[in-house]
Every structure is written in structure tokens, then in C-alpha cells.
Amino acid sequence: MSSLEKNDGLSSCEIDENLTILRQTYFFSGLPLEALKVFAYLCRREQFKKGDYLFRQGEDDGRAIYLIDGQALLERKNNGDIRTIRRVNAGTFLGGISLLGSARRVFSLIAEEDTLCLILTREKFSKMLEQFQEMTPKLFKALVQAIGTWEEGFLSGRADQCGECMPNLGVSLL
């Protein structure tokens, strides 16, 4: 693992917990165990205090985040107005797309209470993919499935309540 950045200070218990989280996350669940173990090692945990930004709208921070504990508010600023989109609870994974390439955040995520997160950076993710290129198709498959599942869920659960947004749907068509 000489070419991968070291993550000093991780206990084997924490790495095992990270591995369990990654195995349950759609983005990583189809990957081989050996690769997941390396990703579990490369992740870091970060504690956010109430009111801290986990990320800000317009940034390209290149991080995927899994909320281990706590909750946060997803917000969007538009023409000076700030609108709360939804509450994000523990057990939520965000930002898989930002690992694959440059992607500015469309929203801000603010800790609503003290929140513990598992974070993987694009830099570490990319280094790992260089060594295990056979994982790339599995990651894209997981992402495509997640987009389709999200859009189907939206259409079946909210389509009748959101006439204005219907013309803007079609993420799965990209």
C-alpha cells in the first residue's frame, strides 16, 4: 500500500466499522471484499458541531460523506433566499458522484446537531481505482441503479404533487 496515502491513527475496530458501513452503502456494496478493506482504511472520520457546514453550495470538495451519527439539513440558496430541502439522517450516504470527477455542490449540508461522518476523498478514491481498474464498471453500475431507483421512487411517490417539476425530471436519461 505504499502508493496509497496512509491514514494513521485508525484502530482495527474502526476499520472494521468502516468496512461494515461501506458494505451497506449502495455505491460500494458490489465491490470485492479486498477492495472494500482498502477503502475502509482510506476513509477518515470527522466530527461536525451543530451549525458546521459539512459542505457548501458551489464548492467542489471532492468528498463522499456517510453520516454515522447525528443529522443535518440540506439547503439551497437561490437569489438570496435559503430553502431547506430536507433533513439528512444517520445512515445516509452522499456524494458518490463527487468521487468520480469534478462536481460542484448544488446544495449546502449543515449539521443540525453534533454529527459524526465517514469521509472518503476523491484523491484517495482515484489512487485506489488506479490500482484496481476492474472496479470501475461495478461502481458505474451501482450509480446508474441508484439514479434509476431514485427517479422511480420520486415518480411513484410524488408525481401527483409536483406538476411543475415533471418537465424537469429525466435524470435517468443522462
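The values are calculated or read from the model by the stated rules, or taken from the named source; none is laboratory data. Small disclaimer: the values here were computed from a predicted structure and weren't measured. With ideal geometry, Cβ positions are generated from the backbone for all residues, glycine too; neighbour counts draw on all protein chains shown.
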(request) Have a look at Gly96, Gly91, Gly80 and point out the one that is in contact with a strand residue (DSSP E or B) (Cβ under 7 Å, 6 or more places away or on another chain) and on the phi > 0 side of the Ramachandran plot. (result) Gly91
(request) Mind listing whichever residues of region 57-101 are surrounded by 14 or more Cβ atoms within 10 Å (Cβ to Cβ), of a type in the set (A, V, I, L, M) and either modelled with pLDDT of 95 or more or assigned to a strand (DSSP E or B) (or both)? (result) Ala64, Ile65, Leu67, Ile68, Ala72, Leu73, Leu74, Val88, Ala90, Leu94
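For region 102-114, which residues satisfy the criterion of being loosely packed, with under 13 Cβ neighbours inside 10 Å and either touching a Phe, Trp or Tyr at 6+ places or on another chain (Cβ under 6 Å) or free of Cβ contacts under 8 Å to residues at least 40 places away in the same chain (or both)? Give the derivation first.
First pass over region 102-114, keeping only residues loosely packed, with under 13 Cβ neighbours inside 10 Å: 102, 104, 106, 113.
None; the set is empty.
Looking for whichever is free of Cβ contacts under 8 Å to residues at least 24 places away in the same chain and aliphatic (A, V, I, L, M) here; the options are Leu33, Leu42. Which one fits?
Leu33
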(message) The conditions are (1) in a helix (DSSP H, G or I); (2) surrounded by fewer than 16 Cβ atoms within 10 Å (Cβ to Cβ); (3) among the hydroxyl-bearing types (Ser, Thr, Tyr), and Tyr41 fails exactly one of them. Which is it?
(response) (2)
(request) Hey, can you tell me all the residues within region 120-145 that are in contact with an Asp or Glu (Cβ under 9 Å, 6 or more places away or on another chain) and surrounded by 14 or more Cβ atoms within 10 Å (Cβ to Cβ)? (result) Thr121, Arg122, Lys124, Lys127, Phe132
